[in-house]
Amino acid sequence: MSFDLTGRKVLITGAGDGIGRSLALAFGEAGARVAGCARTETRMQSLADDIQGHGHVLQTADLTRLKDLEAFQKEVLQQFGGLDVLVNNLGAVGKLADFMELSDADWQASFEVNLLPAVRLSRLCIPSLRQSKTARIINITSIAGIQPSPVFPHYSAMKAGLCNLTSSLAQTLAGDGILVNSVSPGPVWSRSWENEARASAEKSGIPMEAVAQEIKTSTAQTVLLKRMGVPEDVTGLVLFLASDHASWVTATNFTVDGGVTQNPY
Ligand SMILES: NC(=O)c1ccc[n+]([C@@H]2O[C@H](COP(=O)([O-])OP(=O)(O)OC[C@H]3O[C@@H](n4cnc5c(N)ncnc54)[C@H](OP(=O)(O)O)[C@@H]3O)[C@@H](O)[C@H]2O)c1
């Protein structure tokens, strides 16, 4: 199924790589105007080169900094003159460590990247979303919010918090016709996994490609469909939620995980 989102105004955080970039490209292909940001200029330039359509707002911003976040949001609203869809995609695992090795600073950093930008952007964008007839907030969470991992308890807790926020926001905003849902991916090969593989290769002296292949093979064993996801595995569901086909869907968390969680409810 392809979706016609012609003219929809969509803001996507963390749009320079992985799932965010793939979403930006897919929304562009569906006819939407896309606003996206990340911190690295070259990645945003690459997205600007590859995205279809016109009138996009692709910029650098560090969304853990309030000033950057406010300036980016203001610029988007000025250029778009409104907003239909907010996709809170930004998130990062951060330090891989068990509970006793994580400091207050690690927890704070996780909060500042995984939860606070979604809270702040939702608050800033809700007045504009109230003016839209097709308003959506879509939060990209993680199966770690449902099945927490002992190697990233901070990230797991923040993602559980984002799922929880999805439900409370959906209740708050139902009367305004703003639909709020979350999408929880399973393991999707992206730059964060590449970085882990690179770090492990440097430590062990094993070539990067071999380490990456080993991670992909071992992770695939945890997936019912026996492969890791790619960013494009997540885009279809998000576009569906943004489309008119999902006009009776709210306050729901969807897993897209190749069957990892196997939760029938
Ligand atoms: N990949 C997975 O296996 C997986 C699984 C479950 C859930 N998720 C969730 O899916 C979402 C996307 O993950 P991904 O793996 O596709 O991410 P990714 O490839 O690591 O990309 C993250 C993007 O966010 C940007 N970013 C990071 N910090 C930022 C900041 N402070 N301000 C603005 N932009 C920032 C990065 O660019 P810069 O570094 O240039 O800023 C990059 O463009 C995240 O919420 C993640 O938690 C991912």
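Regarding segment 1-81, what's the average projected area of the Cα-atom convex hull, expressed in nm²?
Mean shadow area of the hull around the Cα atoms is 5.0 nm².
Which one, Ala35, Ile51, Leu66, projects farthest toward the positive side of the charge dipole computed for segment 33-74 from Cβ point charges (K/R +1, D/E -1)?
Looking along the dipole axis, the top candidate is Leu66.
Which residue fluctuates the most in the chain, going by a Gaussian network model with Cα springs under 10 Å, if the choices are Phe99, Phe152, Phe27?
Phe99
In debye to the nearest 20, how big a dipole does segment 189-228 give about its Cα centre with +1 on each Lys and Arg Cβ and -1 on each Asp and Glu Cβ?
My answer is approximately 160 debye.
Over segment 166-260, how many percent of alpha carbon pairs lie in each 5 Å bin up to the one with the longest distance?
Calculated over all Cα pairs of segment 166-260, the distribution is 2, 13, 17, 16, 13, 11, 10, 7, 5, 3, 1, 0 percent.
At 7 Å along the Cα-to-beta-carbon direction for both Asp4 and Ala48, put a label point, then send me their distance in nm to one decimal.
It is 3.1 nm.
Taking K and R as +1 and D and E as -1, what net charge do the other residues with C-beta under 12 Å from the C-beta of Ser182 add up to?
Computed value for this residue: +2.
What number does segment 189-228 give for Rg over Rh if you use C-alpha atoms and the Kirkwood radius?
1.01
If R₀ is 35 angstrom, what is the calculated FRET efficiency for the pair Lys74 and Gln147, using the beta carbon separation as r and rounding to 0.05?
With R0 = 35 Å, the Cβ-Cβ based efficiency is 0.40.
Could you list which residues have their amide H under 5 Å from that of Phe254, counting only those 5 or more apart in sequence or on another chain, with H placed in the peptide plane?
Under 5 Å from the amide H of Phe254 lie the amide H atoms of Ser182, Val183, Ser184, each far enough along the sequence or on another chain.
Rounded to two decimals, what is the ratio between the C-alpha radius of gyration of segment 1-158 and 2.2 N^0.38 Å?
Ratio of Rg to 2.2 N^0.38 Å for segment 1-158: 1.06.
Over the alpha-carbon set of segment 96-222, divide Rg by the Kirkwood Rh and report the Rg/Rh ratio to two decimals.
1.07
Distance in nm between label sites at Glu214 and Asn195, each 7 Å beyond Cα in the beta-carbon direction?
Taking the simple label geometry, Glu214 and Asn195 are separated by 2.2 nm.
Sum up the lysine pairs in the chain that clear both bars: alpha-carbon distance under 28 Å and a spacing of 8 or more or different chains.
The number of close lysine pairs in the chain is 17.
Explain nothing, just the number: dipole magnitude of the chain about its Cα centre with +1 on each Lys and Arg Cβ and -1 on each Asp and Glu Cβ, in debye rounded to the nearest 20.
Approximately 520 debye in magnitude.
Seen from all sides and averaged, what is the projected area of the convex hull of the Cα atoms in the chain, in nm²?
The directionally averaged projection comes out at 14.2 nm².
If you build a Gaussian network model of the chain, linking Cα atoms that sit under 10 Å apart, which residue out of Ile12, Ile146, Ile206 swings the most?
Ile206
Considering only the other residues whose Cβ falls under 12 Å of the Cβ of Phe72, what net charge follows from Lys and Arg at +1 and Asp and Glu at -1?
Charge balance near Phe72 sits at +1.
Give me the Kirkwood hydrodynamic radius of segment 96-138, using the inverse of the mean 1/r over all pairs of distinct Cα atoms, in Å to one decimal.
Result for segment 96-138, one decimal place: 12.6 Å.
Read-outs throughout are calculated quantities, based only on the coordinates presented, and are distinct from any laboratory measurement. Quick caveat: nothing in here was measured; it's all calculated off a predicted structure. No Cβ is skipped: glycine too gets one built from the backbone with ideal geometry, and neighbour counts run over all protein chains shown.
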